[in-house]
Amino acid sequence: MARYIGASCRLCRREGTKLFLKGDRCYSAKCALTHRAGGLAAPGQHGTSRKKASGYAIQLREKQKAKRAYGLLENQFHMYYEKAEKMRGVTGANMLILIERRLDNVVYRMGIGVSRAQARQLVNHSLITVNGKTVNIPSYLVKAGDEVAVKESKKERVIFKELKEAKPAALPKWVEFDNATLKGKVIALPEREDIDLPIAEHLIVELYSK
C-alpha cells in the first residue's frame, strides 16, 4: 500500500501547522516550525512566495491537513466521509469522530504510542488487544466500553517497560489508561469538542460535496 515515507516535519511545514507526527519532538524546541528560520513557510525554494490561495485550494489544504494528521490515504479518508454522510447529525463532525475511533488513534490517545505512526505499528504487529482479543487492524472502530490493552505476552518489551515507569499523560476525557497495568478503556465515544486538531471540517465537506 502506498504511504508517505518522507520527512514528517516537511508535512507540518507544508500545512503551516503542527500535526504532531513525531511525538515528543513536536513539543520541543527541535520542532521544525519553531527552531528554523521561516518554519511556517512551505518546503521548497518557492515556499515563501505563495500566491493568494483560491477557495478550492483552501478546501484542498484542509483535507490534506486532516489526512496527514491521521496518516490516512485518500481512499480511506473519503470512505469516512461517505460513511459520515449517511449518519444523522453534522457530516464533518461525524467524519472526524469516526476517524478518532480508529484503534491506532485510540492507542495514540491513551499514550501507548508517542505518535499515530508508532501506534499504528504497534497495532499492525499484534501487540494490542481489544476486550482480551488481539486486533491487528488499525482501522478497527472501538465502541464505548471497549477495553484496550497491551498484549500480556508483550509487556516485557523495552517500550512497554518504559511506559510503566513514565509519568501518566494527560488524556482526553473519553479514554482512560493505567500505566502500571498497561490497560485502558474507552469510557465514551468522542465528541467534536474532544478533538484538538486545528481542522475546519466544513471546508472538507464543501470540497467533497462539489
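The values are calculated or read from the model by the stated rules, or taken from the named source; none is laboratory data. Here the structure is a predicted model, which is why all the values come from computation and not from measurement. As a convention, Cβ positions derive from the backbone with ideal geometry for all residues, glycine included, and neighbour counts pool all protein chains shown. The area values use the complete protein model at the heavy-atom level, side chains included, leaving out ligands, DNA and RNA. Shrake-Rupley method; radii C 1.70, N 1.55, O 1.52, S 1.80 Å.
Brief remarks on what is shown
- Test for Ala149: is it open to solvent by less than 20 Å² (accessible area, probe 1.4 Å) and either of a type outside the set (Asp, Glu) or touching a Lys or Arg at 6+ places or on another chain (Cβ under 6 Å) (or both): yes
- Considering (1) open to solvent by 30 Å² or more (accessible area, probe 1.4 Å); (2) in contact with a Gly (Cβ under 9 Å, 6 or more places away or on another chain); (3) not in a helix (DSSP H, G or I), the lone condition that Gln118 does not fulfil carries the number (3).
- In segment 121-137 there is no residue that is touching a residue at least 40 places away in the same chain (Cβ under 8 Å), out of contact with any Phe, Trp or Tyr (no Cβ under 9 Å at 6 or more places or on another chain) and part of a loop (DSSP other than H, G, I, E, B).
- Residue in segment 175-193 that is surrounded by the most Cβ atoms within 10 Å (Cβ to Cβ), counting only those that are closer than 16 Å to Val107 by Cβ and among the acidic types (Asp, Glu): Glu176
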